[in-house]
Amino acid sequence: MRGSLSVDREANAIRLRRSSFSGAFLLVEGRSDKIFYERFVDKVACEVVTVSGKPSSKLRVIAVLEILEKSSFQGILAIVDADFDRLETSAHNSANLLRTDTHDLETMLLKSFALDKVIAEFGSEEKITKFGRDVRTALLEAGASVGYLLWISKCDGLNLTFEGITFSKFIDEQTLQIDELGLIQEVKNKSQAFSLKNEDLQQRLISQKSNNHDPWQVCCGHNLVEILSLGLRKAIASTKAADVEPSSLERNLRLAYEEAYFRKTQLYLDIRAWERNNQPFKVLRHDT
């Protein structure tokens with residue numbers, strides 16, 4: 001009940017703003033999303049509103065959007081992480097609801113040349129050559145198992161805990177190869193899910209992976225950044241851990257991400273299409 005009251009309150013706050021602001025409202029999931037999207041938004045024509053909290057910021061964004069849509073509120077647009085939506089049937093679809101091209105905002109950053117710039121800044125040419133693999137591909141291959149296990153947990157209602165898992169317990173710091181049984185054990189330990197059998201989960205993982213889904217839809221960006229952080233300490237560089245903390249790397253990726261990269265995304269095209277269909281409302285700057 002408290003949650004529904006809160007989203008009603010957030011929707012009402014936007015309605016109240018309409019009396020003094022005639023532009024578009026863009027709903028996003030959190031502070032880092034707001035910082036990112038505000039770089040491309042026309043701040044005179046569009047106000048970015050953060051909606052966050054439990055059960056998830058994404059669900060709250062969608063709930064606020066639906067409340068406003070039911071009252072025929074004009075000029076409202078929401079952008080959320082795609083998560084696994086493109087791999088399954090999503091219950092939430094609206095012309096005013098857009099999703100990231102990849103699993104989340106962080107994977108959009110990693111798929112872009114921003115990753116190459118960060119690696120050039122922190123990486124060692126000698127170690128990268130010795131590593132002998134494309135770093136982006138290595139991140140995806142290691143991160144896919146984590147993403148698939150998260151998806152399995154969601155699909156099967158296992159409620160496994162991934163937040164706070166220690167990646168060095170199942171990722172080889174020299175090769176960035178993943179030990180899937182080590183991953184399963186670490187997640188089980190973090191979740192206190194000792195009744196689940198490692199072999200059953202591994203078999204489920206093998207089965208799910210055999211479908212060859214797009215890794216950019218499977219992998220969670222935060223997990224890939226954790227693996228990148230490990231890699232920059234040993235596999236492809238010798239950087240101090242404090243200099244490549246995941247939160248710091250995500251900030252660097254955001255800073256390295258250029259408007260030119262954003263213009264090449266489907267999300268950019270979708271926002272422009274929304275603007276055409278919802279005139280006179282504008283979201284993006286004309287020079288973006």
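The values are calculated or read from the model by the stated rules, or taken from the named source; none is laboratory data. These figures come from a predicted structure and were not determined experimentally. Please note: Cβ atoms are built from the backbone with ideal geometry, for glycine as well, and neighbour counts cover all protein chains shown.
Based on this model, can you work out whether His222 counts as at pLDDT below 95 and more than 26 Å from Glu125 (Cβ to Cβ)?
Criteria not met by His222.
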The residue from Phe36, Phe73 that alone is assigned to a loop (DSSP other than H, G, I, E, B) and of a type in the set (Phe, Trp, Tyr) is Phe73
In region 133-160, anything over 30 Å from Ser238 (Cα atoms) and loosely packed, with under 15 Cβ neighbours inside 10 Å is listed as Lys154, Cys155, Asp156, Gly157, Asn159
Item to complete: For Ser52, indicate whether it is under 29 Å from Leu255 (Cα atoms), of a type in the set (S, T, N, Q) and either surrounded by fewer than 19 Cβ atoms within 10 Å (Cβ to Cβ) or touching a strand residue (DSSP E or B) at 6+ places or on another chain (Cβ under 6 Å) (or both).
Response: yes
Among Leu196, Leu205, the single one that is crowded, with 20+ Cβ neighbours inside 10 Å, touching a residue at least 24 places away in the same chain (Cβ under 8 Å), of a type in the set (A, V, I, L, M, F, W, C) and in the same structural domain as Gly164 (by TED's automatic domain parsing) is Leu205
Requiring at least 2 residues that are under 27 Å from Glu173 (Cβ atoms), among the charged types (D, E, K, R) and assigned by TED's automatic domain parsing to the domain that holds His222, the helices (runs of 4 or more DSSP H) wholly within region 237-288 are 246-256
When Asn212 is run through (1) surrounded by 14 or more Cβ atoms within 10 Å (Cβ to Cβ); (2) of a type outside the set (Ser, Thr, Tyr); (3) on the phi > 0 side of the Ramachandran plot; (4) modelled with pLDDT under 95, the failure sits at (1)
